[in-house]
Structures are given as C-alpha cells and as structure tokens.
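Worksheet: one structure, shown below.
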Amino acid sequence: MDKKQMLGFGLILVLLALWLYMNQPTEAERLEVQRKQDSLARVENQDIPITPQTNANNTDTVLSDSLSGNDAAVTERLTAQYGAFAPAASGKEEFSTLENSEMKIKFSSKGGRIVDVLLKGYKKIIENEDKEEVEVPLRLMEDEKDRFEYLVPLNNQMISTQDLYFTPTVDGNIIRFRAETTNGGYIEQAYQLLPESFQVEYQVTWDQLPNSNQQPITLNWLSYLDKLEKNTQFERTYSTIHYKPQDERTSYTSYTSNDEEELTNKIKWVAHSNQFFNTALLADQAFEDGHLQVTTLDENNPDLKKLHSQLTLPNKMGMNQFNMEMYIGPNDYKKLREMGHELEDIIPFGWSIFGTINRRVIRPLFVFLDNIIGSKGLAILLLTFLVKMALYPITYKMLYSQAKTQALKPRMDKLKEKYKDDSKKVQMETMKLYQEYGVNPVGGCLPMLLQMPIWFALYRFFPASIEFRQASFLWAPDLSSYDAFFHLPFDIPMLGGHISLFTILYTISMIGYTYYNSKIMTQASTGNEEMMKMMKVMQYAMPFMFFFFFNNYASGLTAYLFFSNLMTISQTVVTKNFVIDHDKINRELDAYKKKPKKTSKFRERLNEAIKEQQRQQELKKKQK
C-alpha cells in the first residue's frame, strides 16, 4: 500500500467517524431504547413482574409502565407467552377486602388471591432490643414470597394464574375474580366469607379453555411460615403440612427435618400449619393426587419453614368447577372439629394412646375446670390435684411395696454381714429372702410405669393447646412458652439466653424428693455398694438434666411438673408416716413366710438358676 492509498484510507476513516458522531442518538433516545429493551426482558423473565407491585399498605392501582405506549412488540410477546390469556396478562392491580367479626381478608386482583389475613382476636408478641415484649397484629398468608396459583395447561403452555390480572366483583360477603380468554373462555375464583367464622367458601370455575391435550389443572400452593411465637424453637418443631387421604387416617410431613411426600391417592384436605394457627383447604370432591414438600429454614431466616403443596384437580369430562372450604385461623379444637373430616388432628396432641388421653380426658377436663375457675394457671393446679388423686391408688401400691422392701432391711443387713466378702452370695440369698417373704423387688417400679402414658400425654398437651397461648399466671406471661424470669447476657448451649423460674422450682423439688427417698432407701436390694452409689449419683444428676431440657419448654408444663412434685412429696410423706401400718406389714411378712407356697414355673426356673450359680461358685472354689 503506497502513501496515496494510506492517505485515502485514513480520510475515509475520519469521515466515517465524523458521520457516526453527527448521527449518534441523543440521551433521551438512548433512555427510550433502554426502556423498551427492559420491558421486553421483563416479559421474557417470569421472575420479574410485568407490572410493578404496589405497596401492601397502599390501595392505589398502578398501570404497568411497560405497556403505557401500546407497545406492539410487548403485545406480541404476551400473546406468545400467555396464549389466549394474553389480555389478562397486563392490567391494573386492585385490592379488595372482606371482613367479619373474626378476621379481615385482603385480596389482590393479580392472581385473584388472598394476600393478607388479619386475625382480630390474636396478637403476635415480639421482643425489642431491650428484651421487652411488644404486641403487634397477627397476620397470615401475608408473605410476598407466597404463591397460591393454578397452573393451567393451554396448548403445550403452562399458564400461572398468579401472573394474570382478574376483574373483581364484590357482592356483600362474596367476591369474584374473573380472567377471560380471547376465545370467550374464562377462569373464575369466588370467595364467600362466613359470618363470625374463620371459614371461607371457595370455588374455582373454568370454561372453554383451549386445552387440546386435556391435561389437568394443578393448584400450586407455597407458604413461608412467619414466626408468630416467642419460642421459635418449639414453633418450628410443631409446624408442618398435615393432610388426609380420602378414606384413610390423617397424616403429616416431618416436624423436625426436611421432608417430601408423593401422594398417589385422592386427598380430602391439606393444611399448612404453624404451632397454633393454620390455613387449610378442604375439597368437596377430593384432589386427585399431590406432591408435598417441607423445608426447614435457617434460624437466622425471618421465616420458620417453607411449605409447598402441589394438588391436582379432577380432570373429568364436563367438569369445570371445583368447590373447597378454606379455614384460616387458630388451631382451636372445637372449631376444627366442627369443620369435620378429622381436621382437629392438626393439633399435635400425639398419636395412639397419648393422643387419645389428651383428646378424650385431659383436654375436656381442663376446659371444664377453666370454665369454672376462669384462670388457666389455677386450672392447671386443680388439674394436677385431680390427676394425682386419680393415680393415688397406683402411688399407694408403689409406696406399700417400698415399705415391704424396707421392712426386710434388718434381715438383709444380717445377710450382708454374714456374707460380706461374697457379694454374689449376698445377691442370691437376697433373692431367696424375697421369695420367702413374698416381696417383689420391682413392685415399686411397675406402678410408676403405669403412670407414664399420662405423663407423656401431658408433655404433648401443654405446647399444643392454644388455650395456653399468651395466658398469664403469676410471673409467666405465656403458659405456652418459657417463663423468662431473667435474661442472661449470652446464650448457653441447650439452655438458651434465659432462666425459667418454674423450671428452677421443679428442679429443686426433684432434688428434695430424691434426698427424702435416699434416706429411706434400702441398699440391700443388690448387695452391690458401688452400683448403689452410682444410682445415687444418677438420681441427683437427673434433676439437672431436666433443668436444661425444660428451661425452654412451655411454662404450663413446668408449672404442672412443679405442682405435681409438691403433691407427690406430700402424698409420700403422709402415706408412709400416717397411712401405712408398718407393724401390720411385718405381721404380713411373717405370715407369708409360714404359709405353704405353690411354686410357679417362673419360680422353679429362678430357683434352678440360683442353684446353678451356687454350684458354679463352689466349683470355682474347689479349683482354687
């Protein structure tokens, strides 16, 4: 390339640069291009809404900026993405409310769904930076991340109703949301709030949807459970998805870990449940099948768990309506039972015998006492008294058996002195002594085991019963949660950042009862001094273990345990010192010794075992 060619090429470049500079778009033109590109990107990306969301506290409607210019490109893309529902894919978001004496429900026209439920008779307690408790309104279904949508198949497309703008129509306590298609079809959701109730009659209807493959419609329900209680540890434990397969027992996903359930049978109802509140869907004709998933969120997350239910609506020829009942409210046993279909099983009273005891005995008794007294704490105290008196015959048998064992103590002391160098010999002779006088060494333990079902039932009753929620007694402001008598400057593993006074009193009462029992406990039951010392250590260690375990538990239960221990100590002292006739026991033992005895097969085998052990010991001595 010579100098002339290089000069000509350079001039062309200069002229081209000058032309580009003279014809570049203005700043306003560049912003307009960028705005249109962003609009198209929002249409393509499902995670970015077409219309900006209004503030939850602002009822004004907002028109989408992306559609303000009647953009033909956007309209084309909406048609490609939403098919026959393209007209409903853009519009205004409007809010409507239904209200009764129990709650106020807020609806959004975008998705035609509930976006907030205010429960009027309940409060949420939060702690400020100074550890002071503050009451705030209690709301359900208000999380912006929640989804309640129908996935509608339209000719190889899956349309989400949460992306559509419905037209609302309010008529008294009924609100309807309708989204229409270009071919004259529609999908409509209707809500009817019943008076003085937490119940909503709910119906979804559809017609003339262009679904060539006749695929079923799926309800996609996603809930982020808010932290509603002071003790989030137990609230997280008792929050999960409950469900009832048709013609089967109710069931639930895991309480304590992530879980996933694939349900292939028909499903009558599904409930997303916190510890004391739930949102339930009861289907008139049952869902075809479902997929349930529960995810436990990190403790630092503002939410407890993520609950996800996908439920398939029946896909029958000519069927275009599906009726349901919604329950959005407290886990109140009576109200849930009135809904039918065993919805009250949402309350985690326990299964098998424990749940039966709570539902049939403990709860009705407590409600009866509470209605009479009018104080939850005093009702617990009276409930404790009645339970202890009902179990007193078992307690008496246990104490009587212990008194018989104690009456043999002088005889067992002689055996220990006689065979002090042979502990195994002491054990064998002690067993023979028990047989001779008709004393059962475990007779004091068996009655205790009979009380365990009631104890375990009460263990589940207090943190599950909404009656105790935010009910105060003495220094405890909430009997369903721990009573923080004072706060620690730091958290201790397994203990937390507080100290529960009821738990301290329960621990002290256990130590006192252990000390009293150790004074009268015979050490001749086994002849093994080291084992008895170890048992004593364990007896004193148990109260401290329980202190760590119950410090974060419901103060209603720790109050019950404290009252129960006081009554147990009183019953033990009175029974052993004033009710049981120890002279009569000695006469009974002597009479039994003289009485001819029938040897049972068990005793025969036991005697044979003792003789064999004696023979082995004598053989070892000869070998030495």
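Residues in segment 552-568 carry Karplus couplings, in order, of 9, 8, 4, 5, x, 6, 5, 5, 4, 5, 5, 4, 5, 5, 4, 6, 5 Hz; the curve used is 6.51 cos²θ - 1.76 cosθ + 1.60 with θ = phi - 60°, and Gly or Pro positions show x.
Structural size metrics of segment 220-372, computed from C-alpha coordinates, are Rg and Dmax of 16.3, 56 Å. Rounded to the nearest Hz, the phi-derived 3J(HN,Hα) couplings of segment 106-112 under the Karplus curve 6.51 cos²θ - 1.76 cosθ + 1.60 (θ = phi - 60°) are 10, 10, 10, 6, 7, x, x, where x marks glycine and proline.
According to the Kirkwood relation over distinct C-alpha pairs, the hydrodynamic radius of segment 355-605 is 20.7 Å.
Eigen-decomposition of the gyration tensor built on the alpha-carbon atoms of segment 242-313 gives equivalent ellipsoid semi-axes of 23, 12, 10 angstrom, largest listed first.
Grab the Cα-Cα distance for Lys594 and Phe549, subtract it from 0.36 nm times how many residues apart they are, and report the gain in nm with one decimal. Before the final figure, lay out each step's value.
Values: separation 45, 0.36 × 45 = 16.20 nm, distance 5.00 nm.
Additional length available on full extension: 11.2 nm.
When Val367, Val579 are sorted by how many other C-beta atoms sit within 10 angstrom of their C-beta, beginning with the fewest, the order is Val579, Val367. Sorted from greatest to least, the principal axis extents spanned by the alpha carbons of segment 65-348 come out as 57, 46, 38 Å. Relative protection proxy for 374-380, 511-517, from highest mean packing down: 374-380, 511-517 (other beta-carbon atoms within 10 angstrom).
Pairs exceeding a 31 Å alpha-carbon distance, out of Lys397/Lys593; Lys432/Lys536; Lys388/Lys595; Lys145/Lys335: Lys388/Lys595.
Where a number appears in this text, it was derived from the coordinates with a stated rule and is not lab data. Being a predicted model, the structure only gives us computed values, none of them experimental. When we count neighbours, we look across all protein chains shown, and the Cβ atoms used for this are built from the backbone with ideal geometry, even at glycine.
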